[in-house]
Amino acid sequence: MSDNGASPSGRSTEAPDVDAELPATLHIAGLALIRTDSPPSLACWTGCFPVPAGADPAGMTLVIEPAAPPEDSTLRLAHDVVSRFDVFVDQASEYCRTRLRERDFELTTEELSWLDLPELPLALPEVTVWADQTWAIRFAESRFRLADPYGILVTFDGTQPVDIQGLDDEQ
């Protein structure tokens with residue numbers, strides 16, 4: 001996994017040859033991420049966290065652009081995120097509870113009342129880690145209008161949530 005994407009000659013690997021060097025599976029903190037079909041410019045691995053019966057499924061995606069095996073620093077970040085996934089989901093939820101009260105999000109009176117519920121209407125958390133060391137949690141389902149149609153994305157800087165956005169067709 002410490003392969004830097006260079007060929008044995010030391011030159012960068014061209015996109016058609018990269019496929020052969022990309023691992024089919026990455027094992028990160030007990031989670032198996034399977035390489036998925038993606039455009040030639042990307043390398044993506046996806047997996048689902050084991051969940052108890054009746055619990056919401058949760059997933060993780062690792063994205064490398066341009067396509068290459070993940071670097072050690074990216075794997076370390078992914079390991080930290082997987083190892084503390086529940087903690088980060090709770091942080092993202094609480095960040096939403098605080099930030100969504102801001103006028104910029106234009107929540108209705110009913111939506112604002114949901115922020116006072118013990119459980120926010122946020123479900124199906126998915127984490128994405130990118131090669132540039134950025135990462136985010138997307139709540140794929142929510143009753144908030146902001147979440148229509150693709151969910152709410154909470155972006156992190158290190159271990160702290162720093163931004164929220166609703167995901168629409170343009171994103």
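Using beta carbons and a limit of 6 Å, which pairs, at least six apart or on different chains, have the first residue in the range 60-77 and among the β-branched types (V, I, T) and the second one part of a loop (DSSP other than H, G, I, E, B)?
Listed pairs, sorted by first residue: I64/P70; I64/A131; T74/A131.
In the range 120-130, how many are at positive phi and in a loop (DSSP other than H, G, I, E, B)?
0
Output the residue which, of all residues in the range 52-67 that are more than 16 Å from E141 (Cβ to Cβ) and modelled with pLDDT under 70, is most open to solvent (accessible area, probe 1.4 Å).
Here the answer is A53.
Which of the residues belonging to the range 117-161 are farther than 17 Å from R101 by Cβ and among the β-branched types (V, I, T)?
V127, T128, V129, T134, I137, T155, T159
Out of all the residues in the range 142-167, which are open to solvent by 30 Å² or more (accessible area, probe 1.4 Å) and more than 25 Å from L42 (Cβ to Cβ)?
Hits for the range 142-167 are S142, R143, R145, L146, D148, T159, Q160.
Of the numbered conditions (1) in a helix (DSSP H, G or I); (2) in contact (Cβ under 8 Å) with a residue 12 or more places away in the chain, Q133 fails exactly one; give the number of that condition.
(1)
Within the range 106-127, which residues are in contact (Cβ under 8 Å) with a residue 60 or more places away in the chain and surrounded by fewer than 18 Cβ atoms within 10 Å (Cβ to Cβ)?
Scanning the range 106-127 gives A123, L124.
Quick one: count up the residues across the range 29-49 that are in contact with a helix residue (DSSP H, G or I) (Cβ under 6 Å, 6 or more places away or on another chain) and open to solvent by 20 Å² or more (accessible area, probe 1.4 Å). Walk me through how you get there before you give the answer.
Here is the first cut: in the range 29-49, the ones in contact with a helix residue (DSSP H, G or I) (Cβ under 6 Å, 6 or more places away or on another chain) are 29, 31, 40.
Those left that are additionally open to solvent by 20 Å² or more (accessible area, probe 1.4 Å): 29, 40.
Looking only at that region, the number is 2.
Kindly establish whether R76 is assigned to a helix (DSSP H, G or I) and out of contact with any Pro (no Cβ under 9 Å at 6 or more places or on another chain).
Spelling it out, R76 is indeed assigned to a helix (DSSP H, G or I) and out of contact with any Pro (no Cβ under 9 Å at 6 or more places or on another chain).
The values are calculated or read from the model by the stated rules, or taken from the named source; none is laboratory data. Note that the coordinates shown come from a computational prediction; the quantities given were computed from them, not determined experimentally. Quick reminder, even Gly has a Cβ in these numbers, built from the backbone with ideal geometry, and neighbours come from all protein chains shown. Surface areas here come from the heavy atoms of the whole protein model, side chains and all, with no ligands, DNA or RNA. Shrake-Rupley method; radii C 1.70, N 1.55, O 1.52, S 1.80 Å.
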